[in-house]
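One structure below.
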Amino acid sequence: MSINLRSFSPFALLLVSIALIPLAGAATWPEKPVRILIPWPPGGSTDIVGRLLAVELTTRLKQQVIIDNRSGAGGIVGMQIATAAPPDGYTLMLTSTAYGYLIDKQEVPVDIVKSFAPVALIGLGESALAVHPALPVKSVKELIALARARPGELNYASSGIGGFPHMNTELLKLKTGVNMVHVPFKGGGPAIADVVAGHTQIYLGALVTVMPFIQSGRLKLLGVGGTKRNANLPNVATISETVPGYETYIWWGLFAPPATPAATIARLHAETINTLDSPGFVKRLDEQGGAPSKMSTADFGKLMVSETAKWIEVIKAAGIKGE
C-alpha cells in the first residue's frame, strides 16, 4: 500500500518528521568516539577490565572507545563527572565494587544506584590475598598468627576508603579479630606499587590486579576469596579454608548518565553481552583471574541494590570512618 504525502497538511508532515528524529538518532549512534570514564587511576583491576572492553567495543561499534581515568576521593570525583555528563551515549562509566561514597557522609554526593542508569554487568573476579615476599608467612593461617602476635604493626594497602581492597580486609579483620593498619591510596595501581616496594606488606584486592606481580615473583599469593579453589591456581588455598564463611568477589559494570536513551542503553548492553561471548576476551579475562557474567540490565540494577546493602553492613559492623 502506498501513501500519498500530498494528502497530509504541512503541519502534519512536520509532526511526523519530528517524531522520526529520535529514531534516526538511535539508529545512527554512535557517530563519534565514545568515552568511558573510570573513576580510578591506571593499573587497578577496573582499569584493566575497562581497557579489554574498550578494544572489543571499538570493533563492534565501529567508533573509537576511549578510556578516561578520573580518580580522586575514593572514586567520587569520576562518578560525579560521569553522572553529570550529557545523556547522549558518548560518555559512560565503568566501575567496580567500591562504596567509599557511603562512608561517614551526612549526604551522599553520588550513588551507584540513584545517580546512574545500569547498562551491563561485565564480569566477576575473585579476591586475592597477596603479601610482600619478605614477609615471613606462607599461608593465610601464618599471616593471621603473625598479625595476632604483632597487633597494629602490619600495614595493608588499599585503593582508597570504601574501595574493594579496603572492604575485603576489614571483613577479614572482623572475622579473625586481627589488628592491621589501613593505608589508603588513590587506586589499586598505586596501592600495589607500594606493597611491591615493601612499604606496606599486605594487599587483599582483585586477583586480576595482583596476577602480573604474582607471576613475576614480586608478590606472594596466600589465598583466594572464592568458595572453591581457582582452577588456574589449584595449589592456592581459599581464604575460607582458614577463615570459615569468608567470601568476596569484585564485580565490574558499565553505567550511563541518567536519562540516556533506552535504545542507546539497549545497544550498549547487546554489544557488551556479545563481547562476553568473544573467546579472545574471555581468555584474556580468565588469564587475569576474572570471568564474564551475563545479566539483563534490570537484573544488573537489582544487583547494585543488594551489593550496596551488603557492604553498608560491613561499614557499620567494622565502624569504618572517613580518614
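Bear in mind that the values in this text are calculations on the coordinates, not laboratory data. Predicted model, so just to flag it, every value in this text is computed and none were measured. Virtual Cβ from ideal backbone geometry, glycine too; neighbours counted across all protein chains shown.
What Rg and what Dmax come out for the chain when only alpha-carbon atoms are used, in angstroms?
Looking at the chain, its Cα Rg and Dmax stand at 22.3, 90 Å.
Which whole-Hz couplings ³J(HN,Hα) result when phi for each residue of the stretch 221-238 is put into the Karplus expression 6.51 cos²θ - 1.76 cosθ + 1.60, θ = phi - 60°, listed in order with x for Gly and Pro?
Per residue, the Karplus-derived 3J(HN,Hα) values read 8, 9, x, 10, x, x, 7, 9, 5, 5, 4, 7, 9, x, 8, 9, 6, 7 Hz.
Quantify how much of the Cα-Cα distance distribution of the stretch 91-142 extends past 12 Å, in percent.
Percent of Cα pairs beyond 12 Å in the stretch 91-142: 77.
Where Rh denotes the Kirkwood radius from the mean inverse Cα pair distance, what is Rg over Rh for the stretch 55-195?
Value, to two decimals: 1.04.
Sort 269-276, 87-94 by packing, meaning the average of other beta carbons within 10 Å per residue, with the highest value first.
87-94, 269-276
Give the order of E307, E126, E56, E313 when sorted by the count of other beta carbons within 10 angstrom, beginning with the fewest.
E313, E307, E56, E126
Where both residues lie in the stretch 126-241, what percent of DSSP beta bridges are antiparallel, nearest 5?
If I count the DSSP bridges inside the stretch 126-241, around 55 percent turn out antiparallel.
Using amide H atoms built 1.01 Å from N in the peptide plane, name the residues 5+ places from M295, or on other chains, whose amide H lies under 5 Å from its own.
L121
Take the residue pairs K62/K283; K32/K321; K228/K283 and return only those whose Cα atoms are more than 31 Å apart.
Among K62/K283; K32/K321; K228/K283, the Cα-Cα distance tops 31 Å for K32/K321.
Once phi is turned into ³J(HN,Hα) by the Karplus curve 6.51 cos²θ - 1.76 cosθ + 1.60 with θ = phi - 60°, what whole-Hz value does each residue of the stretch 126-139 show in order, with x for glycine and proline?
5, 8, 9, 9, 10, 9, 5, x, 6, 5, x, 9, 10, 8
Distance from the Cα centre of the stretch 268-323 to that of the stretch 44-103, in angstrom?
That distance is 13 Å.
Return a whole-number percent for the relative contact order of the chain, with Cα pairs under 8 Å and 6 or more residues apart as the contact set.
With pairs under 8 Å counted, the relative contact order is 25 percent.
D for the stretch 126-241, whole µm²/s, Stokes-Einstein with Kirkwood Rh over alpha-carbon pairs at 10 °C and 1.306 mPa s: what number?
116
Under the Karplus relation 6.51 cos²θ - 1.76 cosθ + 1.60, θ = phi - 60°, what is the ordered set of whole-Hz ³J(HN,Hα) values for the stretch 289-301, x standing for Gly and Pro?
x, x, 9, x, 9, 8, 7, 5, 4, 5, 5, 4, x
For a protection proxy built on the mean count of beta-carbon atoms within 10 angstrom, sort 66-78, 142-154 highest first, please.
Per-residue Cβ counts within 10 Å, averaged per peptide and sorted highest first, yield 66-78, 142-154.
Give me, ordered by chain and number, the residues 5 or more places off I67 or on other chains with an amide H under 5 Å from its own placed amide H.
I36
Taking 35 Å as R0, compute the FRET efficiency from the Cβ-Cβ separation of V282 and K321 and round it to 0.05.
Working from the Cβ atoms, E equals 0.30.
Provide V305, V208, V131 in ascending order of the number of other Cβ atoms located within 10 Å of each residue's Cβ, fewest first.
V305, V131, V208
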